[in-house]
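A short reminder: the numbers here are calculations on the coordinates, not readings from a lab. Computed from a predicted model, the values in this text were never measured in an experiment. Note that each Cβ is placed from the backbone with ideal geometry, even for glycine, and that neighbours are counted across all protein chains shown.
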Amino acid sequence: MRVAIVTFPGSNCDADAVHAFGTVLGASVWTIWHSSDDLSRSGQAPDAVVIPGGFSYGDYLRCGALAAHSPVMGAVRAFADAGGPVIGICNGFQVLTEARLLPGQLARNAELEFRCQDVHLRVERADLPFTRLARVGQVLRLPIAHAEGRYYADAETLARLDGDGRVVFRYVDAAGERTAPANVNGSVDAIAGIVNERGNVLGMMPHPERAVEAQLGGGLEDGRVVLGSILCA
Amino acid sequence: MPDDLRAHAATFGLTPQEFDAVVHKVGRQPNALEAAMFGALWSEHCGYKNSKPLLRKLPTAGPQVIQGPGENAGVVDIGEGWAVAFKMESHNHPSAVEPVQGAATGVGGILRDIFAMGARPFATLNALRFGELGEERNRYLLSGVVHGIAMYGNAIGVPTVGGEVEVNPCFAENPLVNVMALGLLRHDALQKGTVGLPGNRLFYVGSKTGRDGLGGAVFASADLSGSSSSDRPAVQVGDPFMEKLLLEACLEAYAAGLVAGVQDMGAAGLTSSVGEMAHRAGFGVDFHVDKVPTREDGMTPLEILLSESQERMVVSAAPGREAELLALLARWELDAVEVATVAEHGRFKVFERGELKADIPVAALNEPPEYVREGVEDPRVSAARGRDLGDLPDVADPGAALLALLASPTVASKRPIYRQFDHQVMTNTVVVPGAADAAVLRVKGTDLGVAATVDCNSRYVYLDPELGAAHAVAEAARNLSCVGALPLAVTDNLNFGNPTNPGVYYQLERAVAGLARACLALDTPVTGGNVSLYNEYAAPEGRRAIHPTPTVGMVGVLRDVSRRATSGLKRRGDVVVLVGRTAGTLGASEYLYRLHGLEAGAPPPLDLVEEAKVQAVVRGLIADGLCDTAHDTSQGGLAVALAEMALAGSPAVLGLRVDLGAGASAAELLFGEAGARVVLALEEAAVAEALARCAAVGIPGKMIGTVDGRTFEVRAAGKTLTLGSEALRTAHEGTFGVALGVQSG
């Protein structure tokens with residue numbers, strides 16, 4: 001498997017994604033600078049594209065708004081239109097909504113503060129390139145690290161997302177139940193991750209790439225479910 | 001009008017006598033620009049004129065030291081060709097005036113010091129001190145400082161992995177914000193803050209120069225007074241995005257061999273960075289001030305040379321590689337302009353459109369006068385230390401006392417703070433905030449771990465500066481040992497009052513002596529640091545110094561990061577073992593302060609030989625895989641330490657049954673404080689070995705209880721303290737959630 005990881009000025013989880021996909025999970029990985037409109041390396045196209053976390057262009061405007069208009073996003077759009085799997089994590093999710101590859105918006109957390117902690121997610125779809133190693137209803141434990149992760153969409157969009165089964169992850173408690181405290185950033189319908197209509201573009205706020213090695217502080221490895229699903233295509 | 005200049009020497013931060021010294025060194029009357037350059041570099045912040053004679057007493061050498069004091073940061077060897085660059089710096093005065101930007105730019109500044117050494121920054125810690133949290137202004141400062149650290153650290157993508165918070169009324173007007181940063185580098189990647197050789201060309205890289213932060217070094221070295229809120233333009237504004245670009249561009253340029261020397265622009269801006277780089281090289285510079293990119297029109301040479309605008313570096317290009325360097329920087333969309341040429345003449349010559357505006361000897365600029373003063377202890381302090389505590393009643397309700405101590409800001413859970421910090425980015429954080437006495441980071445591709453902590457009990461230092469400072473070093477080393485790391489070296493941040501006050505100078509002198517004694521005994525040389533003087537506040541009797549606070553930042557190494565310990569209890573049936581003496585003392589204790597409102601008595605005695613032995617035994621047990629649970633006993637004594645171990649239990653809170661015996665009062669046994677003391681929880685099979693190792697080196701070690709269910713029960717001197725886990729948690733978790741106005745979810 002070949003994975004291209006997009007680096008914008010201000011991306012800061014690109015190296016973590018390289019480490020997780022490459023060093024830990026053994027994929028062939030490379031980074032693509034934002035000014036490039038070509039995702040391939042040595043003439044080889046990637047099998048998957050990652051838009052990593054961070055603060056693209058400083059996020060001084062709306063998060064992800066500038067990145068959505070960078071040259072590389074044209075190539076990402078073309079890759080997605082051709083059916084290639086694209087995962088946007090944290091700032092990457094914000095970039096995908098700003099680029100209108102995914103509907104909705106990520107607003108400031110309900111408590112108006114940055115949150116770095118572990119959360120529980122319920123898997124709502126297990127037939128996607130990102131979740132095929134999971135089962136529906138499975139509870140994953142993954143870290144979050146964001147100040148703008150409160151998913152918002154209008155009622156019509158939400159109904160469509162729900163009706164089409166495009167909500168992939170929801171914030172739940174350890175038992176898999178939706179509760180107010182478990183919805184850590186106040187997202188509408190406790191939405192933590194969604195896909196596009198075709199099911200090949202995923203945006204999620206939690207960081208699966210930070211949870212592939214039990215050695216690290218959280219002791220979490222559930223990120224392997226998401227990253228491993230992408231790689232076992 | 002040179003004669004007028006002397007009368008206005010204070011404008012430049014110089015005394016009339018210092019002005020005369022400038023005249024002598026330059027060989028003529030300086031002009032205003034030259035006087036201002038001297039004033040900035042001779043400020044305490046840059047020149048250490050009051051502290052340097054004392055700082056020379058600190059041990060700075062050791063086989064582990066790759067770079068000692070005098071560079072942008074210290075560097076220690078951690079093995080396998082890897083090294084850690086680390087340093088701590090204060091942003092106290094800026095944070096008092098504008099807490100968000102003051103703290104944010106503190107983070108930005110210390111990170112630049114780290115990557116100026118050729119290291120990739122990979123963690124920060126912070127040591128914060130505020131007034132009591134019942135007052136709204138103190139909560140505003142706390143919230144702002146936390147927000148500022150989060151804003152900068154999270155955005156640039158360097159994890160904030162640990163820290164400490166103290167609360168005392170003496171810090172209300174003048175909070176302390178000390179930030180420590182660590183970076184990782186290969187030995188051969190080390191960079192130096194030098195201009196290199198004559199003919200080398202110096203490039204200005206990064207943000208444009210504005211009028212912000214003008215005179216900051218002088219500002220930092222002046223006491224805060226009623227006029228400080230009008231000093232707002234002296235506080236700079238941070239741009240972590242720009243710094244991220246600078247960081248990546250610099251590391252790429254070093255790797256490509258394009259850089260002969262590099263330094264960030266910190267206090268006193270271009271004057272200090274270029275002046276210090278030239279001084280280290282022993283050469284001079286022809287500096288063209290009109291080439292500097294400015295943010296606004298009409299800036300004078302003085303404004304440009306002293307501006308403290310953030311996110312700027314000076315790079316001396318490797319000769320012949322200038323074009324490549326510029327191309328690389330352009331790819332990162334950074335402003336880069338050639339501003340100076342290195343010259344044999346040994347002078348700092350400033351030209352504006354070809355006209356010579358300043359011409360001063362580099363050496364003189366970097367050799368400020370040194371002051372050795374006479375210190376005299378404030379009789380109020382000796383009286384407080386000598387107060388007889390024998391008349392205090394023993395603790396009546398130990399359970400209530402423990403809950404009060406757990407809620408004390410010094411002890412209380414800092415989760416509402418650290419959950420605002422990205423502590424996991426870079427995916428190296430093995431021990432996260434709140435889990436142990438020190439943070440631990442792995443070094444990818446090796447078995448190595450790096451541990452770091454920041455420590456100071458300012459009440460100890462206030463009541464006995466020598467002993468208190470030695471305690472700060474001992475506790476920092478103990479914290480590292482409790483995760484299994486061998487302590488390697490220290491960066492210190494000396495936060496004191498006005499040194500011309502004999503009582504303050506006494507504190508400074510004695511505290512440095514205490515640091516020196518403990519650093520020698522524990523083999524942790526000092527590789528650098530920062531001095532922040534003039535930290536004081538208005539008291540009814542006049543200006544009064546803050547509690548003297550020599551914050552100790554310490555770095556340690558784990559040869560095998562998988563062999564480590566955290567403080568939370570892990571298994572029912574584990575045996576609780578105390579290494580070190582059981583009873584502590586109540587002088588200067590958190591118990592005395594929170595339960596009796598007293599800052600009095602002598603801090604606990606400290607036997608550094610015993611301290612070293614206790615720590616070595618603890619490290620050995622962890623390294624040999626015999627122990628994975630260890631916690632040092634600091635503020636609040638054994639009862640607080642045991643409660644913290646229960647609360648940090650994983651995966652859930654666990655209970656304890658412990659008997660501390662008799663032989664002292666219940667208050668001393670439960671809440672007395674002491675050095676050279678660590679609590680372990682061991683599997684039963686390892687207990688005999690642990691006790692034998694204690695006996696073999698002649699230190700006390702004994703079983704005091706077991707890990708057992710969910711009840712927390714501690715007996716001492718015939719009294720029994722019993723509390724449920726919910727009561728413990730509520731007391732421990734509430735304080736900062738309330739102070740920051742958020743739910744503790």
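Quick notes on this structure:
- Axis of helix B:684-697 versus longest Cα principal axis of chain B: the two differ by about 70°, to the nearest ten degrees.
- B:Glu132-A:Arg178 FRET efficiency (beta carbon distance; Förster radius 45 Å; 0.05 resolution): 0.70
- Beta bridge orientation in the protein assembly as shown: antiparallel %, DSSP, nearest 5: 75 percent
- Once the C-beta distance of B:Val376 and B:Glu344 is scaled by a Förster radius of 45 Å, the resulting FRET efficiency is 0.40 to the nearest 0.05.
- Annotation: the antiparallel percentage among DSSP beta bridges lying fully within region A:2-231 is about 60.
- Considering helices alone, the calculated mean residue ellipticity of chain B at 222 nm is -10500 deg cm²/dmol, with DSSP H runs of length four and up weighted by -39500 (n - 2.57) and normalised per residue.
- Applying the criteria of a DSSP loop state and at most 15 other Cβ atoms within 10 Å to the trypsin sites (Lys or Arg not before Pro) of region A:136-233 yields A:Arg178, A:Arg198.
- Unsatisfied cross-links (Cα-Cα over 27 Å) in the set B:Lys208/B:Lys444; B:Lys52/B:Lys291; B:Lys208/B:Lys349; B:Lys414/B:Lys719: B:Lys208/B:Lys444; B:Lys52/B:Lys291; B:Lys414/B:Lys719
- Taking amide H as placed 1.01 Å from N in the peptide plane, B:Leu488 has its amide H under 5 Å from the amide H of B:Val555, B:Gly556, B:Val557, each at least 5 places away in sequence or on another chain.
- Candidates B:Tyr371, B:Ala400, B:Ala685 compared by Cα position along the dipole of chain B: farthest toward the positive end lies B:Ala685, with charges placed on Cβ.
- Residues of region B:654-679 with amide N under 14 Å of the 7 Å Cα→Cβ point at B:Arg572: B:654-657
- Crossing angle, helix B:322-331 versus chain B [Cα axis fit, 0-90 degrees, rounded to tens]: 60 degrees
- By other beta-carbon atoms within 10 Å, ranking B:Trp42, B:Trp332 with the fewest at the front produces B:Trp332, B:Trp42.
- Relative contact order of region A:154-231, pairs being alpha-carbon contacts under 8 Å that are 6 or more residues apart, as %: 20 percent
- Applied to region B:48-61, the Karplus parametrisation 6.51 cos²θ - 1.76 cosθ + 1.60 on θ = phi - 60° returns per-residue 3J(HN,Hα) values of 6, 5, 8, 9, 4, x, 6, 5, 5, 7, 7, x, 10, 10 Hz, with x for Gly and Pro.
- Under the criterion of Cα pairs below 8 Å and six or more residues apart, the relative contact order for region A:2-231 equals 20 percent.
- According to the Kirkwood relation over distinct C-alpha pairs, the hydrodynamic radius of region B:647-711 is 13.8 Å.
- For chain B, the alpha carbon convex hull comes to 143 Å³ per residue, rounded to a whole number.
- Rounded to the nearest 20, the Cβ-based charge dipole of the protein assembly as shown about its Cα centre (Lys and Arg +1, Asp and Glu -1) stands at 1320 debye.
- One quarter of the surface of the convex hull around the alpha-carbon atoms of region B:332-451 equals 19.2 nm², the direction-averaged projected area.
- Here the 3J(HN,Hα) profile of region A:129-138, calculated from phi with Karplus coefficients 6.51, -1.76 and 1.60 at θ = phi - 60°, is x, 9, 9, 5, 8, 9, 10, 4, x, 4 Hz, Gly and Pro shown as x.
- For region A:1-150: rounded, prolate or oblate by the Cα gyration tensor [a/c cutoff 1.5]: oblate
- Region B:58-365, Cα convex hull volume normalised per residue, Å³: 138 Å³
- Inter-chain shielding of B:146-155 (mean C-beta neighbours from other protein chains, 10 Å cut-off): 3
- Relative to the longest principal axis of the Cα atoms of chain B, the long axis of helix B:637-647 makes an angle of roughly 90 degrees.
- Each Lys and Arg Cβ is given +1 and each Asp and Glu Cβ -1; about its Cα centre, region B:2-44 then shows a dipole of about 120 debye.
- Sequence-distant aspartates and glutamates (8 or more away, or on other chains) whose Cα lies within less than 18 Å of B:Lys357: B:Glu34, B:Asp286, B:Asp290, B:Glu303
- Neighbouring partner chain Cβ atoms per residue of B:411-420, average, 10 Å criterion: 2
- Sequence of B:Tyr537, A:Tyr151 once ranked by neighbouring C-beta atoms within 10 Å, starting from the fewest: B:Tyr537, A:Tyr151
- Shielding by other protein chains, B:423-436, mean Cβ within 10 Å: 6
- Contact order relative to length of chain B, as percent, for alpha carbon pairs under 8 angstrom and 6 or more apart: 15 percent
- Computed from point charges on the beta carbon alone (+1 for Lys and Arg, -1 for Asp and Glu), the dipole magnitude for region B:58-365 about its Cα centre is near 380 Debye.
- Values of log10 I(q)/I(0), in the order q = 0.22 Å⁻¹, for region B:388-472 under a Debye, Cα-only, solvent-free model: -1.14
- Whichever lysines have a C-alpha closer than 28 Å to that of B:Lys57, once near sequence neighbours (fewer than 8 apart) are set aside: B:Lys25, B:Lys49, B:Lys87, B:Lys192, B:Lys613
- Convex hull volume per residue, computed on the Cα atoms of the protein assembly as shown, equals 157 Å³.
- In order along region B:625-633, the Karplus-derived 3J(HN,Hα) couplings, from 6.51 cos²θ - 1.76 cosθ + 1.60 at θ = phi - 60°, round to x, 8, 8, 10, 9, 8, 8, 7, 9 Hz, and Gly and Pro are given as x.
- Share, in percent, of DSSP beta bridges within chain B that are antiparallel, nearest 5: 80 percent
- In a fully extended conformation the segment linking B:His187 and B:Ala323 would gain 46.3 nm over its present Cα-Cα distance, using 0.36 nm per residue.
- Two-decimal ratio, region B:2-44, of alpha-carbon radius of gyration to 2.2 N^0.38 Å: 0.95
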